[in-house]
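Single-structure report; data block below.
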Amino acid sequence: MSISVEEQQNNPLHGLKLEILLNELVDYYGWEILAVATNINCFQKNPSIDSSLKFLRKTDWAQEKLEAFYLYKFKHLPRPNDSQYDLPPRQRIIPLDQTPGEPMELTVELLQTLNERKAERAANFRGNSRGSSKPRSDRPQRSTSRADNKSKSSSSTDPWANFKSENE
C-alpha cells in the first residue's frame, strides 16, 4: 500500500521533532496534566524537557503514547480505524478530509474521573470474561480426588502394569 505525499504530510507528526512536540504539550497543558493523562512517570517527579526527551527517545512505547496523545487530544483528530490503530502514530495515514482541531480542554480532576471509569470498565470486563458469573467459592467441588483415582488404578507398584497386561 503506497502512501501519497499529501496523505503523509497531512499527519501532524510528519516532520515534527520530539522536542518541539513535548514543548508544545508542556506549554499548553503543563507537567501535571501530562503526567495524569499519559501515566508516564518521567512527567511526575522533577520533570524537565531534557530528562523527558532522554527517556522518550529510549522508550518506544512511551514515545508512541505521547504521540497518540498529541494527535487525538491536542490536535483533536478522530480515532484511527482498526488497521491504522496497529501502526505507530507517526506511520498512521490521516485522511485528507481530516484537519486538526482545537486542543481538548483537560483538567486533572477530569482526567482522574476518566481514569477511574476506565479502571471500573476494565475490572468489569475481566470479571465477566471468566466464563462464569459465580465466584469460584460458589462453584461445586470436583467429586473425585487423587486418593479416589489411586484406589481405582491397579494396586501393583509397577507403573507399567496396565500397559503390560494390555499388550500380552
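The values are calculated or read from the model by the stated rules, or taken from the named source; none is laboratory data. It should be emphasised that the depicted structure is a prediction, and the values quoted were computed from it without experimental measurement. Note that each Cβ is placed from the backbone with ideal geometry, even for glycine, and that neighbours are counted across all protein chains shown.
Quick notes
- Restricting attention to the stretch 1-16, the residues that are out of contact with any Pro (no Cβ under 9 Å at 6 or more places or on another chain) and part of a helix (DSSP H, G or I) total 4.
- The residue of the stretch 17-53 that is surrounded by the fewest Cβ atoms within 10 Å (Cβ to Cβ), among those that are touching a Lys or Arg at 6+ places or on another chain (Cβ under 9 Å) and outside any helix (DSSP H, G or I), is Asn39.
- If the condition is being in contact with a helix residue (DSSP H, G or I) (Cβ under 7 Å, 6 or more places away or on another chain) and exposed (fewer than 15 other Cβ atoms within 10 Å of the Cβ), then the stretch 1-16 contributes only His14.
- For Leu71, the test of being touching a residue at least 40 places away in the same chain (Cβ under 8 Å), among the aliphatic types (A, V, I, L, M) and in a helix (DSSP H, G or I) is passed.
- Residue match in the stretch 56-65 (condition: modelled with pLDDT under 90, surrounded by fewer than 18 Cβ atoms within 10 Å (Cβ to Cβ) and in a helix (DSSP H, G or I)): no
- You will find that of Pro135, Pro88, Pro100, the residue that is under 28 Å from the mean Cα position of the chain (by Cα), surrounded by 10 or more Cβ atoms within 10 Å (Cβ to Cβ), modelled with pLDDT under 90 and not polar (S, T, N, Q) is Pro100 and no other.
- For the stretch 80-116, residues that are touching a helix residue (DSSP H, G or I) at 6+ places or on another chain (Cβ under 6 Å) and outside any helix (DSSP H, G or I) total 8.
- Residue match in the stretch 72-87 (condition: of a type in the set (Asp, Glu) and within 22 Å of Leu111 (Cβ to Cβ)): no
- Within the stretch 66-79, if we keep just the residues that are farther than 20 Å from Glu19 by Cα and touching a helix residue (DSSP H, G or I) at 6+ places or on another chain (Cβ under 7 Å), the residue that is surrounded by the most Cβ atoms within 10 Å (Cβ to Cβ) turns out to be Leu77.
- For Glu116: the one exception among (1) at pLDDT below 70; (2) among the acidic types (Asp, Glu); (3) under 22 Å from Ile33 (Cα atoms): (1)
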